[in-house]
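> I have a structure I would like to understand better, so I am pasting it below and will then ask my questions one at a time.
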Amino acid sequence: MLETQDLTIRFGGHVAVDRVSCRFAPGTLTAIVGPNGAGKTTYFNLVSGQLPATSGKVLLNGEDLTALSAPLRTRKGLGRAFQLTQLFPNLTVLENVRLAVQARHGVGLRMLSVWRNHRALIDEAQALLDRVRLGSRADALAASLPHGDQRKLEVAVLMALKPQVYLFDEPTAGMSVDEVPVVLDLIRELKREGQHTILLVEHKMDVVRELADRIVVLHQGQLVADGEPEAVIASPVVQNAYLGIASEVAA
Ligand SMILES: Nc1ncnc2c1ncn2[C@@H]1O[C@H](COP(=O)(O)OP(=O)(O)O)[C@@H](O)[C@H]1O
Ligand SMILES: [Mg+2]
């Protein structure tokens with residue numbers, strides 16, 4: 001169970017995330033929606049540890065992670081947020097995933113022989129690349145990939161860490177229409193696996209309707225609605241927030 005208690009961050013006089021208390025159970029996919037600037041990405045950054053909270057707490061399975069750095073939270077099972085590309089541009093696609101696999105295995109793999117160790121890591125990385133339909137690009141430099149393929153590589157890196165909690169921040173932003181289904185299929189598969197806690201920031205309401213078990217609405221840093229998708233979508237507060245999203249998309 002992921003939980004935030006009164007989670008807050010202030011930038012100068014501006015409260016970007018304002019006392020957000022919420023619990024996210026394993027096996028559920030929660031869509032976080034709200035207009036541009038509502039605090040969705042900042043909330044993810046507070047959960048993953050990329051930003052320090054001004055006040056409030058982040059707990060995972062009852063353990064208080066608020067004081068931990070982002071890398072330590074990753075070790076505890078919090079998958080990193082998107083929108084900040086964290087790939088190594090001058091390494092190959094395969095190497096990027098292998099490093100993430102290696103980071104996850106950490107100490108345990110030192111027990112294996114160097115060769116078996118290396119082979120096992122590469123095989124696992126290649127299997128992940130196949131899953132995100134990048135198997136044939138394994139030897140390309142990450143920097144040379146088109147934008148959509150880089151996003152898929154980010155998903156593979158995230159999956160390599162086998163987190164309990166997946167934070168997807170607009171995972172299909174900037175993708176071409178034929179690439180979007182690949183990433184949505186991956187999120188669908190993760191959901192079907194059943195044990196992950198998935199948080200998804202997504203503007204496309206048809207995607208939200210299909211994938212989400214629950215919708216949380218942020219507005220000016222505050223949690224203003226939380227519940228079953230159809231009920232939340234129908235509520236006046238969301239109709240307003242949704243108009244905000246619609247005008248943002250149109251802009
Ligand atoms: N590092 C930062 N310093 C100052 N203000 C920030 C910073 N990060 C985000 N903000 C502000 O916090 C608010 C929420 O931003 P963000 O979380 O990116 O919104 P969303 O992802 O919902 O579009 C915005 O007003 C934004 O300008
Ligand atoms: Mg954002």
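> Search the structure for amide H atoms under 5 Å from the amide H of residue 51, placed 1.01 Å from N in the peptide plane, and list their residues when 5 or more places away or on another chain.
Result for residue 51 returns 46.
> Same structure, new question: Taking the chain as a Gaussian network, Cα atoms linked when under 10 Å apart, which of 54, 172, 41 shows the biggest mean-square fluctuation?
Looking only at 54, 172, 41, the largest GNM fluctuation is found for 54.
> Work out the FRET efficiency for residue 10 and residue 162 from their Cβ-Cβ distance, taking R0 = 30 Å, and round it to the nearest 0.05.
Step by step, r from the Cβ atoms, then E = 0.35.
> How big is Rg to Rh over the stretch 85-162, alpha-carbon atoms, Rh as the Kirkwood inverse-mean-distance radius?
0.97
> Can you tell me which lysines have their Cα less than 27 Å from the Cα of residue 204? Leave out same-chain residues fewer than eight positions away.
Filter leaves 40, 152, 162, 191.
> Provide the gained length on full extension for the span residue 99 to residue 59, in nm with one decimal, where the gain is 0.36 nm per separating residue minus the Cα-Cα distance.
The span from residue 99 to residue 59 would gain 11.7 nm if fully extended.
> For residue 141 and residue 67, calculate 0.36 nm times their separation in residues minus their Cα-Cα distance, and state this gained length in nm to one decimal.
Gain in length upon complete extension: 23.1 nm.
> While we're on this one: Per residue of the stretch 167-174, in order, report the coupling 6.51 cos²θ - 1.76 cosθ + 1.60 (Karplus, θ = phi - 60°) as ³J(HN,Hα) in whole Hz, putting x for Gly and Pro.
For the stretch 167-174, the Karplus-derived couplings read 10, 9, 9, 6, x, 9, 4, x Hz, x marking Gly and Pro.
> Note down, for the stretch 26-100, the three equivalent ellipsoid semi-axes (square root of 5 times each alpha carbon gyration tensor eigenvalue), biggest first, whole angstrom.
The answer is 24, 17, 13 Å, longest axis first.
> Only Cα pairs under 8 Å and at least 6 apart count here; give the relative contact order of the chain as a rounded whole percent.
29
> With a Förster radius of 30 Å, plug the Cβ-Cβ distance of residue 88 and residue 239 into 1/(1 + (r/R0)^6) and report the FRET value to the nearest 0.05.
0.10
> Can you compute 3J(HN,Hα) from phi for each residue in the stretch 191-204, using the Karplus curve 6.51 cos²θ - 1.76 cosθ + 1.60 with θ = phi - 60°, rounded to whole Hz and x for Gly and Pro?
My calculation for the stretch 191-204 gives 5, 4, 4, x, 9, 8, 9, 10, 10, 9, 8, 8, 8, 6 Hz in order.
> Could you check what % of the DSSP bridge pairs in the chain are antiparallel, to the nearest 5?
The antiparallel proportion sits near 60 percent.
> Ok, one more. Amide H to amide H, which residues 5 or more places from residue 222 or on other chains are under 5 Å from it, using H placed in the peptide plane?
So residue 222 has HN proximity to 18.
> Right, another one. Please report the spacing between the Cα centers of the stretch 49-76 and the stretch 137-164 in Å, no decimals.
Taking the Cα centre of each part, the stretch 49-76 and the stretch 137-164 sit 25 Å apart.
> If each residue of separation counts as 0.36 nm, what is the full-extension length gain between residue 75 and residue 126 once their alpha-carbon separation is subtracted?
16.2 nm
> May I ask for the Kirkwood hydrodynamic radius of the stretch 103-225, worked out over all distinct Cα pairs and given in angstroms to one decimal?
Computed over the stretch 103-225, the radius equals 16.3 Å.
> Who wins for biggest fluctuation among 157, 20, 97 in a Gaussian network model of the chain, springs between alpha carbons below 10 Å?
Among 157, 20, 97, the largest GNM mean-square fluctuation belongs to 20.
> Pop out the ³J(HN,Hα) list for the stretch 5-13 in order, Karplus 6.51 cos²θ - 1.76 cosθ + 1.60 with θ = phi - 60°, rounded to Hz; leave Gly and Pro as x.
Once rounded to whole Hz, the list reads 10, 6, 5, 9, 9, 10, 10, x, x.
> Next up: Sorted from largest to smallest, which semi-axis lengths in Å does the alpha carbon gyration tensor of the chain give for its equivalent ellipsoid, taking the root of 5 times each eigenvalue?
Listed largest to smallest, the semi-axes of the chain are 31, 21, 16 Å.
> Quick check: pseudo-label points 7 Å beyond the Cα along Cα→Cβ at residue 133 and residue 210, how many nm apart are they?
With each label placed 7 Å out from Cα toward Cβ, I get 1.3 nm.
We did not get these values from a lab; they are worked out from the coordinates using the rules stated. On a predicted model such as this, the values are computed, not experimentally measured, just so you know. Positions of Cβ are backbone-derived with ideal geometry, glycine not excepted, and every protein chain shown enters the neighbour counts.
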